[in-house]
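Structure, as structure tokens:
The values are calculated or read from the model by the stated rules, or taken from the named source; none is laboratory data. None of these values were measured; they are calculated from a predicted model. Ideal geometry is used to build each Cβ from the backbone, glycine not excepted, and the neighbour counts take in all protein chains shown.
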Amino acid sequence: MSEDSARPAHEPSQIDLGKSLLAQAQADARKAGRRAADRQAVRSGDVDRQRRSSAAPDDRDPQTLGSSVDRLVTERGWATHAAVGGVVARWPVVVGAELADHCSPERYADTVLTVRAESTAWATQLRLLAPMLVARLNAECGEGAVTQVKVLGPGGGPPRSGRLRVPGPGPRDTYG
């Protein structure tokens with residue numbers, strides 16, 4: 001008997017299986033022409049078709065959370081709303097501690113900031129300070145971010161109408 005026939009049958013190992021799968025994948029890629037297209041893209045300098053990693057930073061690198069949020073805010077057009085939100089969060093610093101103790105911002109929509117005062121006296125004071133407040137808010141948020149400060153007095157909010165509403169002046173009778 002020869003030595004080859006004396007050896008036991010060889011069972012494929014994990015490595016042999018991996019090599020055969022790799023060889024099959026390479027053959028499939030050659031059939032599809034991917035390697036030729038990749039080489040052609042490198043020769044022609046077509047960066048869009050063939051992107052190689054490099055040491056220089058690019059958009060595929062991990063980004064910081066701050067830069068990602070900044071990019072999202074800019075892309076969506078939320079810059080003004082984010083600036084006004086920052087001002088609302090720092091309300092006592094922007095308007096002063098005494099004024100902030102007696103009023104609070106409620107809503108921002110269409111360049112109008114709605115502020116609620118705790119009493120009619122403070123509402124009147126806020127109306128007198130509204131032009132200066134608009135200038136201060138625009139300095140903080142950017143020009144044109146706030147065009148009007150709407151002052152609401154104490155009470156249950158804006159009047160509502162509807163089928164289940166009781167007619168009459170309601171909470172507005174003490175404010176005006």
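Can you spot a residue in the stretch 91-98 that is surrounded by 11 or more Cβ atoms within 10 Å (Cβ to Cβ), among the charged types (D, E, K, R) and modelled with pLDDT of 80 or more? Give the steps one after another, and end with the answer.
Just the residues of the stretch 91-98 that are surrounded by 11 or more Cβ atoms within 10 Å (Cβ to Cβ), to begin with: 91-96.
Pick out the ones that are also among the charged types (D, E, K, R) and you get none.
No, the stretch 91-98 contains no residue that is surrounded by 11 or more Cβ atoms within 10 Å (Cβ to Cβ), among the charged types (D, E, K, R) and modelled with pLDDT of 80 or more.
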Inset, instruction - State whether one or more residues within the stretch 102-110 are under 20 Å from the mean Cα position of the chain (by Cα) and not charged (D, E, K, R). - result: yes
Legend entry - Cross-chain or 6+ apart pairs with Cβ under 9 Å, the stretch 59-81 first and in a loop (DSSP other than H, G, I, E, B), then among the polar types (S, T, N, Q): ARG60/SER53
Inset, instruction - Could you pull out the residue among ARG60, ARG90 that is charged (D, E, K, R) and farther than 20 Å from GLU143 by Cβ? - result: ARG60
Inset, instruction - Sort out which residues of the stretch 112-154 are exposed (fewer than 15 other Cβ atoms within 10 Å of the Cβ), within 26 Å of the chain's Cα centre (by Cα) and either part of a loop (DSSP other than H, G, I, E, B) or of a type in the set (Asp, Glu) (or both), and write them in order of number. - result: GLY142, GLU143, GLY144, THR147
